[in-house]
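Structure first, then comments.
The values are calculated or read from the model by the stated rules, or taken from the named source; none is laboratory data. The model shown is predicted, which means the values in this text are computed figures rather than measured ones. With ideal geometry, Cβ positions are generated from the backbone for all residues, glycine too; neighbour counts draw on all protein chains shown.
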Amino acid sequence: MSRTVDTEQLAGWVTLALGGDESALSRLLTALESPMRAFFISRIGRRPDVDDLVQNSLLRVHRGLSDLKDPHRLKAFAMKGALYELQDFYRGRYTPKETLFDIHDAPEIGDEQHVSGAGLDVEKALSSLSDKARRIIELREYGYKYEEIAEMVDSTEAAIKMQVKRAFERMRDALGLFLLWMSSLPLMER
């Protein structure tokens, strides 16, 4: 969110979210994302792990929201979860909660399976994603909104947006290897 959300508004969103209001839950998690990101960046710098730490912390908030006794203490509750994630990270026990692809299945430059005639094999790029990530991409392609997908796969809207972003990056990288391979061939071989 571009503007600062005050404690009263957050408390109101907590109450609505606990009552089942998905829109309030989404606004609540979106409002928490920026302070959490700043928290992690100030501790570990701008590393790729920051996105995972933020998402895992938001999942902690989402899953533990019903345990929050005082809605006015949401920020403290959320930052405590972020601190637990950071401690796990420092202790070496941190692992991302969800893998979008199997790192051992990464395509190799020159991998003929990525070539379909003169075009790209998008199916092969899709197959490099996990089943859940592929399902999310397919649901998005069918026109479902992020909020609807989050409900279908029992996640948060913010987590779904991040998964879509990472899945497209993964597919772009897989397809990019094909383009790199193609550009390395002399014109006559293409």
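Applying the criterion of being farther than 23 Å from Leu32 by Cβ and touching a Lys or Arg at 6+ places or on another chain (Cβ under 7 Å) to the residues of the stretch 124-182, the residue that is modelled with the highest pLDDT is Leu129.
Tell me the residue from Leu120, Leu86 that is modelled with pLDDT of 55 or more and touching a helix residue (DSSP H, G or I) at 6+ places or on another chain (Cβ under 8 Å), please.
Leu86
From the list Arg60, Arg37, Arg47, the one residue that fits, being within 16 Å of the chain's Cα centre (by Cα), outside any helix (DSSP H, G or I) and closer than 24 Å to Phe89 by Cβ, is Arg47.
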